[in-house]
Amino acid sequence: MRFISPKTDFAFKKIFGSKDSKDILISFLNALIYESNSMIQDLEIIDPYNPRDVVDLKDSYLDVKALLDNGSTVLIEMQVLNVAFFEKRVIYNLTKTYANQLKYGEGYSHLKPAIALTITDFPMFDQTQRFLTRFCLKEKQELFDYPDPEIELIFVELPKFTKTLDELDSLTDKWIYFIKEAPSLEVIPPTFRQLPELDKAMNIANQANLSVEELEKLRKQEMFLEDQRGFIIKAKQDGLAEGLEQGLEQGLERGRREGEIRAMLRLLERQFGSMSPEIINQIQNLSSEQLEHLGEDVLDFNSLEELSNWLEDNGMNR
C-alpha cells in the first residue's frame, strides 16, 4: 500500500472534511481537544469537501470547520509552510468566527466557545519541547482563568513529535503519528486497524482508492509546496547575504518576497505555459498577502483568462 500525506490541503479536507468523515473527525477532535475522552458525540462539518467536485476547493484559509454538539465551533487548520504573520492569522480567524456568531439584535448570551486547532509542520514555540500546547485567557500574575473562557487555541507542532509506532500509547499519539508519518507506512498498522475511525482514515489515504483527477490535484499541491519550501530557503539565504550590507530585516523581507514571486511564476508556467508580459508584471506587483491569496486559488483556474480576471479583481490595489 501507498498512502497520501494528510498534510496537503486536498488530502486533509478529503480525510477529515468530507460528508462521510464525521466519525473520523469526532475521534480526531476528541483525541486532540479532549485528551481522548469521548466528549463529542456528534458534530456538523460546515461546507464539507465534495469528492465529486475536485476542482473547486476554495476557502479563505481554514481547512475544516465543525460545529460541535455542545455549540462550540472548531477551526482546524493544517499549515505546512511557515509564512509571515501566521500566528496573527490564527488569532484573526478565531476571533472573527467567535464574533460572527451573533445575528442582528441577539445578546451576548448566545455566544458559544470557539476553538482553533492548528497543526504545523514547523516549530512555533521555542519555549517548550512539548508537541501539543493549549492557550486560553488567564490573569497574568496569578494565572486564574477568565470567567466563562470562550476562546481556546490548541497547537500541534509535528517536528516535536518523535514517537515511533511502538511508542504510541494514546489515541492522541496515534492521530498525530498518522498525520506525520502516513506516507512512510506500507500497511495499516494492527493497532490502527483496531480503531475503526483510524482504519477508515488510512483507507481513505490509500492511493489505490483515489481517482485520477484526485491524484493529479494532490500531485500539483505537493509540487507547489516543494517549490515554496525551496524558494523560502533560497530567499532566506539571499536575504541573509543582502542583510549584511543593507540591514538584516530588509534583506530577509526582500529575499522572501522575491522567492514567493519566483515560486508563483514557476507554478503558473507549469500550469498554463507562457504568459503575457502584462500578466507577469501584475504578478510581480502583488503584495505578499495577495500572493498568498493567489496561491490558494491558483489551482482552481482552468484558463489564463480566469487568472487574468482574478488579477483584475484582486491585484490592482497593493
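The values are calculated or read from the model by the stated rules, or taken from the named source; none is laboratory data. Please read these numbers as outputs of a predicted model, since none were measured by experiment. Cβ coordinates were reconstructed from backbone atoms using ideal geometry, including for glycine residues, and neighbour counts include every protein chain displayed. Just the protein is used for accessible areas: all its heavy atoms, side chains included, with ligands, DNA and RNA removed. Shrake-Rupley method; radii C 1.70, N 1.55, O 1.52, S 1.80 Å.
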Given 4 °C and 1.567 mPa s, compute D for region 85-197 with the Stokes-Einstein relation, Rh being the Kirkwood radius over Cα pairs; round to the nearest whole µm²/s. 77
With all protein chains in place and a 1.4 Å probe, residue 308 shows an accessible area in Å² (nearest 10) of 40
For region 282-300 versus region 190-212, the gap between their alpha-carbon centres in whole angstrom: 34
Heavy-atom accessible area per residue, region 68-154, 1.4 Å probe: how many Å²? 63
For the peptides 190-198, 115-123, what is the packing order when you average, over each peptide's residues, the other Cβ atoms within 10 Å and list the highest mean first? 115-123, 190-198
Provide the descending list of Cα extents for region 101-158 along its principal axes, expressed in whole angstroms. 44, 30, 11
Projected onto their principal axes, the Cα atoms of region 162-207 stretch, largest extent first, over whole-Å spans of 25, 20, 15
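With a 1.4 Å probe and every protein chain kept in, tell me what percent of the accessible surface of region 126-209 is carbon plus sulfur.
52
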Extension gain from residue 219 to residue 110, taking 0.36 nm per residue of separation minus the Cα-Cα distance: 34.9 nm
Can you compute the FRET efficiency between residue 69 and residue 284 using 1/(1 + (r/R0)^6), with r the Cβ-Cβ distance and R0 = 45 Å? Round to the nearest 0.05. 0.40
